[in-house]
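Below is one structure, written out as C-alpha cells; the observations come after it.
The values are calculated or read from the model by the stated rules, or taken from the named source; none is laboratory data. Remember, predicted model here, so these are calculated numbers, not experimental data. For neighbour counting, all protein chains shown are included, and Cβ atoms are generated from backbone atoms with ideal geometry for every residue, glycine included. Each accessible area value is taken on the protein alone, full model and side chains, heavy atoms only, with ligands, DNA and RNA left out. Shrake-Rupley method; radii C 1.70, N 1.55, O 1.52, S 1.80 Å.
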Amino acid sequence: MMPEPTGVIHDIGYRHYEGARLGRGSAFAALTVHSLRGAFGFGRTARAKIMPLLLSTIMLLPAVVSIAIMALVKQQGVKYPDYAVFMQAVLAVFLAAQSPYLVAPDLRFRVLPLYLSRPVAVLDYLGAKLAALSIAMFLVLAVPLTLLFAGELLVDLPGPPHTAEYFSAMAGAVILAVILAALGLALASFTPRRGLGVASVIAFYLFTSAVSAVFYGVFMSMGRDTAGKWAMLINPFFLVDSVQVALFGTAPSNGDGYPPGLWPCLIVVMVIAVALAGLFLRYRKAASS
Amino acid sequence: MTASAITCIATEGLTKRFPRVTALEDLTVTAGAGVTGLVGANGAGKSTLIKILLGLLPASSGRARVLDMDAATQGAEIRRVVGYMPEHDCLPPDVSATEFVVHMAQMSGLPRTAARERAADTLRHVGLYEERYRPIGGYSTGMRQKVKLAQALVHDPRLVFLDEPTNGLDPQGRDEMLALIRRIGAEFGISVLVTSHLLGELERVCDHVIVIDAGRLLRSSSIGEFTQATQIISVEVEDGLQPLADRLAGVGEAVAVQGRTLTLEVPADADPGRAYDALRDAVCDLNLNLIRLEQRRGHIEDVFKEPAA
C-alpha cells in the first residue's frame with residue numbers, strides 16, 4: 001500500500017459516477033415523495049403553498065370546534081363517519097386545486113419524455129402520481145379525524161370512546177382518497193392547462209352533487225324512495241359513505257340510508273377502474289408521441 | 001476493450017412505418033465510440049431512430065442494438081445507462097435548474113445525496129453557475145439548452161442521444177454547444193449520437209457521420225472521407241460570371257452556375273490546389289472583380305446530390 005498523499009490536488013475535470021444505481025422502485029418512491037410534497041406546496045413557490053395550507057387548515061376547524069363542544073357540554077360534536085360528507089366541498093376544492101398540478105405541467109411543458117427516457121415506465125409514473133394524490137387526500141381528511149379522536153380521549157366523554165367509529169371513518173378515508181385521486185387525475189390529465197384542469201374537476205363535483213340532489217328530490221317527491229337512495233350514490237362522497245355503512249355498519253350521513261347490500265362497494269371498484277383505464281389510455285397516447 | 005465499447009449502436013434492416021408515412025426504411029448502420037453525427041433534413045427520421053434506440057417505439061421490422069442490448073426487449077436496461085436530450089422544449093418554468101436536474105438524477109436511480117452532487121457537477125460542466133438557483137422560466141434559449149444537456153448527463157451515462165442540440169442558438173451559443181459536445185466525447189469519455197440538419201457544424205465535432213434522407217441511409221463514413229468527397233468551391237464575381245464559367249470548363253473543371261454564384265466541384269481524388277490555381281488564373285486573365293471565394297464543403301444538399309455511397 002502506498003502512503004496517503006499529504007498534498008491535495010483538486011481535480012475539476014469530469015468525474016465518472018461510481019456509486020449506487022437504484023432500480024425502478026427507488027425512482028417510484030422518489031417521484032411519489034416529490035409529488036406528495038408538491039401537492040402541499042412544498043418545494044414550490046410561496047403562492048403555491050397558500051391553497052393547500054389554507055384548505056388543510058379549514059379541514060381542521062370542525063375538529064377544533066367539536067373538541068370545544070365536547071369539553072364544554074360533554075357531548076359529541078361532528079361524528080367521525082360524517083366528517084367527509086360534512087366537509088365534501090373543501091375536499092373537492094383541494095382535489096380540484098392539486099390534481100392538475102400533479103399531471104398538467106409534465107404534459108404542458110413536455111417533461112414526460114424525460115421521465116420515459118429513464119428507467120421509469122408509464123405505469124410507474126402514473127402509479128407514483130396516484131399514490132401521491134391518494135396519500136395527500138387521505139392526510140387532509142385523516143389528520144382532522146385523528147385530532148378529533150385525540151381530543152375525545154383527552155376530554156374523556158361519559159361512556160366508552162367511539163373507537164370503532166373512528167377506525168371506520170379512517171378506513172372510509174382511505175377509500176375516499178383513492179377514488180377521489182383516481183377521478184381527479186383522470187379528469188385533470190385530459191388537458192395540459194392547469195386552469196382548465198381545476199375547472200373540470202370542480203365542475204365534475206358540482207355536476208355530480210347537483211344531479212344527485214335533483215334526482216333524489218324528484219324521486220322522493222314521487223314517493224319512489226329506493227330510486228332516490230340510488231340517486232344519492234351519484235355524488236362520490238355519498239357513494240363512499242354508503243360503502244362505510246355497508247362495510248362497517250356506521251350510521252348513514254344522509255339521514256335516509258342507502259340501497260342495501262354490497263352494491264356500493266362494487267360501484268366504487270368500477271368507478272376507480274374506469275378512471276384508471278381512462279388515465280392509462282390518455283398516457284399511452286401521450287407516451288408514444 | 002470489449003465489443004460493446006467498440007460498437008455503441010447497430011441497426012439491421014430497421015424499418016418503421018406509421019399509418020401514413022414510412023419514417024425509416026431498411027436502415028443498417030453502426031456507430032462506434034466517440035462522437036457520431038446523424039444528419040438529415042427535417043423529417044428524415046432522426047428523432048424516430050432515437051426513440052427506437054431508446055426502446056420507446058417498437059420498430060416495424062429489423063433490429064436495433066444499443067451498447068450490445070436489444071432495443072426491443074431490453075429498453076429498460078438501455079435507458080439506465082443512456083442519456084437523452086430531446087429536440088423540443090422539456091423544462092418546467094417554475095423550478096430552478098438545480099432542483100430539476102436533481103429530480104431527474106433521482107429518476108435515473110441515483111440516491112438523493114449523490115443526485116445533488118452529480119447535479120452540481122454536471123451543471124458546472126455545461127456552464128451554468130449562479131443562475132442555476134433561479135427558476136428556469138427566466139432563462140435564455142442557450143441556458144435552457146444547457147439545462148437539457150445537463151439532465152441528459154447527470155446520471156453519468158455511457159452514451160447520450162442529443163437531438164438537435166444547437167437548435168435556436170446564436171452563433172456563439174452554437175460554438176459553445178459544439179465545443180461541449182466535443183468535450184463530452186473526448187474528455188468525459190461518453191459516446192455521443194448527435195443529430196443536426198447541418199452537416200457543416202457536425203463535421204467540426206464528429207468522428208463519424210451518418211447521413212439519412214427520408215428514412216434511408218445515404219452514407220455512413222468517418223469524417224475524413226466525408227469532407228474530402230464533398231469539396232466544393234463557390235465563387236462570386238461582379239460581372240462576367242458566364243465567361244469565367246466557360247473558361248474554367250475549357251480547362252476541364254466541373255463548373256455549374258447557380259444564380260449569381262459559380263460552383264466548382266473538386267473530385268475526391270484530385271488535388272484541390274490545381275482547381276484553386278486554375279480559378280485564380282482565370283479571374284486574373286479575364287480581369288474580373290472577385291467578391292467572394294469560399295470553400296463550401298459539406299452542405300447537406302451537396303451530399304444529397306451525390307449518389308449514396
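Over chain B, accessible surface divided per residue gives 43 Å², non-protein components excluded, 1.4 Å probe. Residues considered: B:Ser47, B:Ser108, B:Ser140. Largest GNM mean-square fluctuation over chain B, using C-alpha springs under 10 Å, is found at B:Ser140.
Only protein heavy atoms count here; on that basis, with a 1.4 Å probe, B:Arg204 has an accessible area of about 140 Å². Computed over segment A:24-288, the range of Cα coordinates on each principal axis works out to 59, 46, 31 Å, biggest value leading.
Amide H contacts of B:Tyr84: B:Phe161, each under 5 Å away and 5 or more positions distant or on a separate chain (H built 1.01 Å from N in the peptide plane; Pro and chain starts excluded). Place a label point 7 angstrom from the Cα of A:Leu247 along the Cα-to-Cβ direction, then list the residues of segment A:202-240 whose backbone nitrogen is under 19 Å away. Those under the cut-off are A:233-240.
Relative to the dominant Cα principal axis of chain B, helix B:141-153 is inclined by about 60°. When the helices of chain B are scored as -39500 (n - 2.57) per DSSP H run of n ≥ 4 and the total is divided over every residue, the value at 222 nm lands at -10500 deg cm²/dmol.
Between chain B and chain A, the total buried accessible area stands at approximately 3200 Å², from heavy atoms with a 1.4 Å probe. Take the Cβ atoms of A:Val214 and A:Leu61, set R0 to 30 Å, and the FRET efficiency comes out at 0.55. Converting phi to 3J(HN,Hα) with the Karplus coefficients 6.51, -1.76 and 1.60 and the offset θ = phi - 60°, segment B:27-35 yields 8, 10, 9, 10, 9, x, 5, x, 9 Hz in sequence order, with x at every glycine or proline.
Comparing the full protein assembly with the isolated chain (1.4 Å probe, heavy atoms, ligands and nucleic acids excluded), the residues of segment B:100-128 losing at least 30 square angstrom of accessible area are B:His103, B:Met104, B:Gln106, B:Met107, B:Ser108, B:Gly109, B:Leu110, B:Pro111, B:Arg118, B:Asp121, B:Arg124, B:His125. Of all the accessible heavy-atom surface of the protein assembly as shown, with the other protein chains kept in place and a 1.4 Å probe, what percent is carbon and sulfur? Roughly 61 percent of what the probe reaches on the protein assembly as shown is carbon or sulfur. Both numbers refer to the Cα atoms of segment B:3-227; Rg and Dmax are 16.9, 48 Å. When a/c is below 1.5 the answer is rounded, else prolate if a/b is larger than b/c, else oblate, so apply that to segment A:216-279 with a ≥ b ≥ c taken from the square roots of the Cα gyration tensor eigenvalues. Taking the square roots of the gyration eigenvalues as a ≥ b ≥ c, segment A:216-279 is oblate. Largest GNM mean-square fluctuation across A:Ala104, A:Ala188, A:Ala96, computed for chain A with C-alpha springs under 10 Å, falls on A:Ala104.
Each Lys and Arg adds +1 at its Cβ and each Asp and Glu adds -1 at its Cβ; summed about the Cα centre, chain B shows a dipole of about 1320 debye. Place a point 7 Å from the Cα of B:Tyr133 along the Cα-to-Cβ direction; which residues of segment B:81-114 have their backbone N under 13 Å from it? Residues B:96-99 qualify, since their backbone N sits under 13 Å from the label point.
For chain B, the longest principal axis of the Cα atoms and the long axis of helix B:171-186 meet at an angle of about 70 degrees.
Relative contact order for segment A:24-288: 23 percent, from Cα pairs under 8 Å spaced at least 6 residues apart, divided by residue count.
Between the helical axis of A:88-108 and the longest alpha-carbon principal axis of chain A there is an angle of about 30 degrees. With θ taken as phi - 60° and the Karplus curve 6.51 cos²θ - 1.76 cosθ + 1.60 applied, the whole-hertz 3J(HN,Hα) list for segment B:189-202 is x, 10, 6, 10, 10, 10, 9, 6, 9, 10, 5, x, 7, 6 Hz, x standing for glycine and proline. For segment B:111-202, the square roots of the Cα gyration tensor eigenvalues, ordered a ≥ b ≥ c, give a/c of at least 1.5 with a/b no greater than b/c, which places it in the oblate category. Taken about its Cα centre, the protein assembly as shown carries a charge dipole of roughly 2080 debye when the Cβ of each Lys and Arg holds +1 and the Cβ of each Asp and Glu holds -1. Taking all protein chains into account, the per residue accessible area for segment A:83-216 stands at 36 Å² (1.4 Å probe). Rolling a 1.4 Å probe over the protein heavy atoms leaves A:Met270 with an accessible area of roughly 110 Å².
In segment B:3-227, taking the dipole from charged Cβ atoms about the Cα centre, the farthest positive-side position among B:Leu202, B:Gly75, B:Leu162 is held by B:Gly75.
With the simple spin-label model, which puts each label point 7 Å out from Cα in the Cβ direction, the A:Leu154 to A:Met170 separation comes to 1.8 nm.
Under 5 Å from the amide H of B:Leu217 lie the amide H atoms of B:Thr28, each residue being 5 or more positions distant or on a separate chain, with H modelled from the backbone and absent for Pro and chain starts.
Stokes-Einstein diffusion for the protein assembly as shown, with the hydrodynamic radius set to the Kirkwood value over Cα pairs and evaluated at 20 °C in a medium of 1.002 mPa s, equals 75 µm²/s.
The mean sequence separation of alpha-carbon pairs under 8 Å and at least six residues apart, normalised by the residue count of segment B:44-138, gives a relative contact order of 24 percent.
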